[in-house]
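The values are calculated or read from the model by the stated rules, or taken from the named source; none is laboratory data. The structure displayed is predicted, hence computed values, not measured ones. Heads up, the Cβs are rebuilt from the backbone with ideal geometry, glycines too, and the neighbour counts pull from every protein chain shown.
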Amino acid sequence: MVTARHVKKIAVLEVHGDLQTEELVEVKNRMEEWMDKEYRFFVLNFRHSERIHATALGILVEELKRLRHNGGDMKLANVRGSLKRVFDLTGTASLFEIHESEKKALESFEFVEDAA
């Protein structure tokens, strides 16, 4: 399950459970909904997740590239444990800006003041 909300100009998607291909489709759909509302900046919060499937990780990288190509960005929060190891082992950790908390991820966007 994915819940979504916004903080100023940033859409925050919180992933609940493991991120398999099916859940990533939900993430993509939510991102597209927010992009239709002119949101280009996203935080994916993995506070309630422990695993990610390799296929889902690849799709996440493609979404990151698409956002950056269109002047947006995606930052990750609360990537820990086995989830962090997958990002590290696949080399994708270097592609994303990963923050220890949602608050820090929100604050990392330069245009956000007192985001959290």
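Structure data summary
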| quantity | calculated |
| --- | --- |
| Per-region count, region 32-61, residues part of a helix (DSSP H, G or I) and among the hydroxyl-bearing types (Ser, Thr, Tyr) | 1 |
| Top-ranked residue of region 90-104 - restricted to ones that are closer than 20 Å to LYS65 by Cβ and loosely packed, with under 13 Cβ neighbours inside 10 Å, ranked as modelled with the highest pLDDT | SER94 |
| All positions within region 46-88 that are among the aliphatic types (A, V, I, L, M) and either under 13 Å from ASP18 (Cα atoms) or touching a Pro at 6+ places or on another chain (Cβ under 8 Å) (or both) | ILE52, ALA54, ALA56, LEU57, VAL79, LEU83, VAL86 |
| Boolean, GLU110 is out of contact with any Pro (no Cβ under 6 Å at 6 or more places or on another chain) and either of a type in the set (Lys, Arg) or surrounded by fewer than 19 Cβ atoms within 10 Å (Cβ to Cβ) (or both) | yes |
| Residue selected from region 26-56 under the condition more than 11 Å from the chain's Cα centre (by Cα) and under 20 Å from THR90 (Cβ atoms), by the criterion surrounded by the most Cβ atoms within 10 Å (Cβ to Cβ) | ILE52 |
| Cβ pairs under 7 Å, 6+ apart, first in region 77-97 and among the aliphatic types (A, V, I, L, M), second in a loop (DSSP other than H, G, I, E, B) | ALA77/SER101; LEU83/SER49; LEU83/GLU50; LEU83/ARG51 |
| Top-ranked residue in region 62-77 [being part of a helix (DSSP H, G or I) and crowded, with 16+ Cβ neighbours inside 10 Å; ranked as farthest from the chain's Cα centre (by Cα)] | LEU67 |
